[in-house]
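The values are calculated or read from the model by the stated rules, or taken from the named source; none is laboratory data. Please read all numbers here as calculations on a predicted model, not as lab measurements. Here Cβ is always computed from backbone atoms with ideal geometry, including for glycine, and neighbour counts include all displayed protein chains. For the accessible areas, the whole protein counts, side chains as well, though only heavy atoms, and no ligand, DNA or RNA atoms are used. Shrake-Rupley method; radii C 1.70, N 1.55, O 1.52, S 1.80 Å.
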Amino acid sequence: MTAFIHPTTTLNNGVTMPVLGLGVFQVEEGQELVQAVKTAIRQGYRSIDTAAIYGNEASVGQGIREALQEGGLSREDLFVTSKVWNADLGYESTLAAYEASLAKLGLEYLDLYLIHWPVAGKYKEAWRALETLYKEGRVRAIGVSNFQIHHLEDILRDAEVKPMVNQVEFHPRLTQQELLKFCCEQGIQLEAWSPLMQGGLLEDPVLKEIAAKHGVSVAQVILRWDLQQGVVTIPKSTKAHRIAENADLFGFELTAGEMERISGLNKNQRIGPDPDNFDF
């Protein structure tokens with residue numbers, strides 16, 4: 001297998017973050033996940049994204065440790081993200097949740113820690129906890145997930161540290177262009193979860209036509225569309241050939257016309273909860 005070297009983007013605090021990572025949502029603890037993490041790192045992935053609610057931090061940590069040992073890499077070579085769940089939002093409870101995630105992962109620090117959902121009345125205290133962790137040097141970068149523009153504006157009113165990342169559902173059926181523009185203006189890196197719409201876009205005729213023209217897969221086209229908009233992307237897979245294919249994004253480029261056609265597929269269609277109508 002060929003290992004690909006992935007570019008990075010620089011966050012608003014100067015920390016570099018890989019533009020491509022491995023997502024592990026809905027992958028259970030166990031050897032399949034351990035092997036997926038190891039395969040991804042062998043393929044050149046340097047970013048792994050998990051969350052407390054996924055219930056798989058222990059296997060992610062095991063995969064990281066084994067990959068580092070087998071590949072002769074150091075912890076500093078990786079960018080590891082986790083997220084605090086809704087039940088733990090609050091100042092002290094968020095600090096405790098961070099320690100719990102570190103313990104399960106078997107790590108001394110995280111590169112990025114996110115508030116998973118904007119639970120009204122709770123996320124600002126959680127943000128204060130993230131600021132404390134950041135100021136104490138316990139985490140290299142902090143951010144949010146599933147925040148809309150009004151949530152970000154609310155955080156920014158009182159924040160001492162500006163969020164570095166906003167991870168949201170983002171794919172050709174949910175292009176979130178206003179949110180992307182706002183984040184760019186604020187220097188907040190947008191990151192796409194479920195960039196492939198959990199496989200729901202793989203038979204789209206427009207995407208298949210563009211993929212055939214470039215001799216690549218539909219998944220590669222979508223992920224390339226992310227990157228050409230400056231969006232960090234974290235496709236999920238446990239299959240070695242898919243992990244490798246998803247990493248091979250740098251030998252082709254979409255034209256401006258192709259980018260517009262893909263963006264034109266937008267239907268404001270979510271597969272996950274709407275952050276403004278989520279029953280937290």
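Within segment 75-90, the set of residues being open to solvent by 40 Å² or more (accessible area, probe 1.4 Å) and either small (Gly, Ala, Ser) or closer than 22 Å to residue 62 by Cβ (or both) comprises 76, 77, 85, 87. Scanning segment 124-136 turns up no residue that is on the phi > 0 side of the Ramachandran plot and either in contact with a strand residue (DSSP E or B) (Cβ under 7 Å, 6 or more places away or on another chain) or charged (D, E, K, R) (or both). Restricted to segment 202-212, and to residues that are part of a loop (DSSP other than H, G, I, E, B) and free of Cβ contacts under 8 Å to residues at least 40 places away in the same chain, which residue is surrounded by the fewest Cβ atoms within 10 Å (Cβ to Cβ)? My answer is 203. The combined condition, being surrounded by fewer than 16 Cβ atoms within 10 Å (Cβ to Cβ), out of contact with any Phe, Trp or Tyr (no Cβ under 9 Å at 6 or more places or on another chain) and farther than 17 Å from residue 139 by Cα, is fulfilled by residue 55. Being open to solvent by 10 Å² or more (accessible area, probe 1.4 Å) and under 18 Å from the mean Cα position of the chain (by Cα) is not true of residue 64.
In segment 91-98, the condition of being open to solvent by less than 10 Å² (accessible area, probe 1.4 Å), at pLDDT 95 or above, closer than 13 Å to residue 50 by Cα and part of a helix (DSSP H, G or I) is met by at least one residue. Going residue by residue through segment 25-37, is there one that turns out to be of a type outside the set (A, V, I, L, M, F, W, C), open to solvent by 20 Å² or more (accessible area, probe 1.4 Å), within 24 Å of residue 147 (Cβ to Cβ) and modelled with pLDDT under 95? There is at least one residue in segment 25-37 that is of a type outside the set (A, V, I, L, M, F, W, C), open to solvent by 20 Å² or more (accessible area, probe 1.4 Å), within 24 Å of residue 147 (Cβ to Cβ) and modelled with pLDDT under 95. Of everything in segment 114-158, what is open to solvent by less than 10 Å² (accessible area, probe 1.4 Å), touching a His at 6+ places or on another chain (Cβ under 9 Å) and not in a loop (DSSP other than H, G, I, E, B)? Give them in sequence order. Correct list: 144, 145. Residues in segment 159-201 that are of a type in the set (A, V, I, L, M, F, W, C), under 21 Å from residue 11 (Cα atoms) and in a loop (DSSP other than H, G, I, E, B): 159, 161, 164, 170, 188. Residue 161 meets all of the listed conditions (1) open to solvent by 10 Å² or more (accessible area, probe 1.4 Å); (2) out of contact with any Lys or Arg (no Cβ under 9 Å at 6 or more places or on another chain); (3) not hydroxyl-bearing (Ser, Thr, Tyr) but one, namely (2). Each residue in segment 213-248 was checked for being open to solvent by less than 50 Å² (accessible area, probe 1.4 Å), farther than 19 Å from residue 49 by Cα and not in a helix (DSSP H, G or I), and 3 pass. Of the residues 190, 196, 180, the single one that is surrounded by fewer than 21 Cβ atoms within 10 Å (Cβ to Cβ) and within 17 Å of the chain's Cα centre (by Cα) is 180.
Residues in segment 99-113 that are within 19 Å of residue 161 (Cβ to Cβ) and assigned to a loop (DSSP other than H, G, I, E, B): 109, 111. Residues in segment 147-198 that are touching a residue at least 40 places away in the same chain (Cβ under 8 Å), among the aliphatic types (A, V, I, L, M) and in contact with a Cys (Cβ under 8 Å, 6 or more places away or on another chain): 190 alone.
Give the residues of segment 249-280 that are open to solvent by 60 Å² or more (accessible area, probe 1.4 Å) and either within 18 Å of the chain's Cα centre (by Cα) or of a type in the set (D, E, K, R) (or both), sorted by residue number. Residues satisfying the conditions are 253, 260, 261, 267, 270, 271, 276, 279.
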